[in-house]
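Here is the structure we will look at.
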Amino acid sequence: MTKKEFLNSVSNGKIDVLQILLDAMSSKGVDYCAIGGLAVNAYAEPVVSLDLDIVVTADKIETVCREVQQHFNIQRFAHSINLSTAISDLRIQLQTDPRYQAFISRGQIHDVLGYEMKVAELEDVLQGKIWAYSDEQRRMSKRQKDLADILRLVETYPELMDRLPAKIRHFID
């Protein structure tokens, strides 16, 4: 079983929705980068996640939504657009928070569970996880997953410890 087959099996994917999204963005020349837990997998020992968090060039978000609307249900929220489908448990979140836009230009292509995709650079992935963990409006279970992702990165790259705010470093020391 390939990594792609594994991810699609875990997400109960009847079709490869992640590849559909990546192909749609590629066909329209949309720049993006992965920023969430799956992005952490590009830098640390992989763990399975049913969430794909990405940031798309702000002026191309509607292009992406139009391109994939025949495959996904689209829900709009204050800082994201969520793509879902009944034929896969994979949840895709297009992050619309403007803080993430600068990550796109620094992203690089990585293999993430068998998919060649653009991923935010290591320091940007860490920063995104710090922002997510620090957001007290997020559910505690999500924040704990963010903290675990921060730990995965710092254990793999100890030099990142200096980038952590004191309140997060406290949990690691």
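At-a-glance table
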quantity	calculated
Candidates Asp23, Asp89, Asp59 - the one that is charged (D, E, K, R) and part of a strand (DSSP E or B)	Asp89
Residue in the range 31-56 that is modelled with the lowest pLDDT, counting only those that are touching a strand residue (DSSP E or B) at 6+ places or on another chain (Cβ under 6 Å) and in a loop (DSSP other than H, G, I, E, B)	Leu50
Any hit, the range 136-157, residues being part of a loop (DSSP other than H, G, I, E, B), among the charged types (D, E, K, R), free of Cβ contacts under 8 Å to residues at least 60 places away in the same chain and touching a Gly at 6+ places or on another chain (Cβ under 9 Å)	no
Residues located in the range 158-173, provided they are acidic (Asp, Glu) and either in contact with a Lys or Arg (Cβ under 8 Å, 6 or more places away or on another chain) or assigned to a helix (DSSP H, G or I) (or both)	Glu159, Asp162
Check on Thr156, of a type in the set (Val, Ile, Thr), at pLDDT 95 or above and exposed (fewer than 15 other Cβ atoms within 10 Å of the Cβ)	yes
Every pair of residues 6+ apart whose Cβ atoms lie under 6 Å, when the first sits in the range 46-75 and is surrounded by 19 or more Cβ atoms within 10 Å (Cβ to Cβ) while the second is outside any loop (DSSP other than H, G, I, E, B) and of a type in the set (Asp, Glu)	none
Selection status of Lys129, in contact (Cβ under 8 Å) with a residue 24 or more places away in the chain, in a helix (DSSP H, G or I) and either farther than 29 Å from Met25 by Cβ or not acidic (Asp, Glu) (or both)	yes
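The values are calculated or read from the model by the stated rules, or taken from the named source; none is laboratory data. Please read these numbers as outputs of a predicted model, since none were measured by experiment. Because the Cβ atoms are built from the backbone with ideal geometry, glycine has one as well, and the counts that use them run over all protein chains shown.
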